[in-house]
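*Asks:* Dropping a structure here in structure tokens format, bear with me for questions.
FYI, it's all coordinate maths here, none of it is from the lab. Small disclaimer: the values here were computed from a predicted structure and weren't measured. So basically every Cβ, Gly included, is an ideal-geometry build from the backbone, and we count neighbours across all protein chains shown.
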Amino acid sequence: MNIFIEANGRKYEMRGLTCMSIFSHLLATGEDKMNFRSWTTSYRGYVLFHSSASDIEDCIFEDYDIPIEDSPKSSILGYGVLFDVVKLDTKELFEAYYDDHKCATYEYEEISQNYNGKLYGHRFKDAVIFPPIVGVPGSRNYWTPKKEVQVEAFKLVKKFHNTGVWESNV
């Protein structure tokens, strides 16, 4: 189901992006402005930051002095605007955008190898964090809600975006 947000006189389809919890949290707070992916996208617009069920990167919460409880698994934590995707195929480009990625403690060679040389920086702005919407399953890539709980979560975010008032969880 497609759910739209109106902003700046335009309608934008909302999509979700599932990331490991720490990265979703940093994107939702605006501390991180870029997320690494091995693929590009033509999508531009509002993205809900969804924390995955994985605990692989949970140790990073300590590095940022962020309580892990602030980012429950399988939850929508906030949203932002995807405005650009940059192919980071050289060390110089990686370093030029390095400051956008607060979790970037990697050397270019290491991270490029992790992504098999297909490294793209998905760049976000205008991040908004809100109380987590828990118990929402995610999906791959930039996803649209299909399950009822996903649709209800997206509608809750749309209402918050339109009114600035947070209501109860789904």
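*Asks:* Under 17 Å Cα-Cα from LYS87, which aspartates and glutamates qualify once same-chain neighbours fewer than 8 residues away are excluded?
*Replies:* Straight-distance partners of LYS87: GLU95, ASP99, ASP100, GLU107, GLU109, GLU110.
*Asks:* Continuing with this model, one more query. Say each of TYR64 and GLU95 gets a label point 7 Å from the Cα, pointing the same way as Cα to Cβ; how far apart are those two points in nm?
*Replies:* The answer from the label model is 2.5 nm.
*Asks:* Go through the range 71-87 residue by residue and turn each phi into a ³J(HN,Hα) via Karplus (6.51, -1.76, 1.60, θ = phi - 60°); whole Hz please, and just put x for glycine and proline.
*Replies:* 9, x, 5, 6, 9, 8, 9, x, 8, x, 10, 7, 10, 6, 10, 10, 7
*Asks:* May I ask for the angle, rounded to the nearest 10°, between helix 148-163 and the longest principal axis of the chain, with both axes built from Cα atoms and the value confined to 0 to 90°?
*Replies:* The helix 148-163 is inclined about 90 degrees to the chain.
*Asks:* If amide hydrogens are placed 1.01 Å from N in the peptide plane, which non-local residues have theirs closer than 5 Å to the one on MET34?
*Replies:* LYS102, PHE124
*Asks:* Turning to a different aspect of this structure: Would you kindly derive the ³J(HN,Hα) couplings of the range 49-54 from the backbone phi angles with the Karplus curve 6.51 cos²θ - 1.76 cosθ + 1.60 (θ = phi - 60°), listing them in order in whole Hz, with x for Gly and Pro?
*Replies:* Karplus-based 3J(HN,Hα) across the range 49-54 equals 8, 10, 8, 6, 7, 6 Hz.
*Asks:* Distance check, please: which entries in LYS125/LYS155; LYS118/LYS155; LYS33/LYS155; LYS11/LYS91 exceed 28 angstrom between their Cα atoms? Could you put the intermediate results ahead of the total?
*Replies:* On the way: LYS125/LYS155 21 Å; LYS118/LYS155 34 Å; LYS33/LYS155 24 Å; LYS11/LYS91 37 Å.
Over 28 Å apart, Cα to Cα: LYS118/LYS155; LYS11/LYS91.
*Asks:* Residue-wise, which Karplus ³J(HN,Hα) couplings in Hz belong to the range 118-128, taking 6.51 cos²θ - 1.76 cosθ + 1.60, θ = phi - 60°, and x for glycine or proline?
*Replies:* With the stated coefficients, the range 118-128 comes to 10, 10, 10, x, 8, 9, 10, 9, 6, 5, 9 Hz.
*Asks:* Further question: Residues with beta-carbon under 15 Å from that of THR163, excluding THR163: net charge, scoring Lys, Arg +1 and Asp, Glu -1?
*Replies:* Charge balance in the 15 Å sphere: +1.
*Asks:* Mind computing the radius of gyration and Dmax over the alpha-carbon atoms of the chain? Å is fine for both.
*Replies:* For the chain, the Cα-based Rg and Dmax read 15.6, 46 Å.
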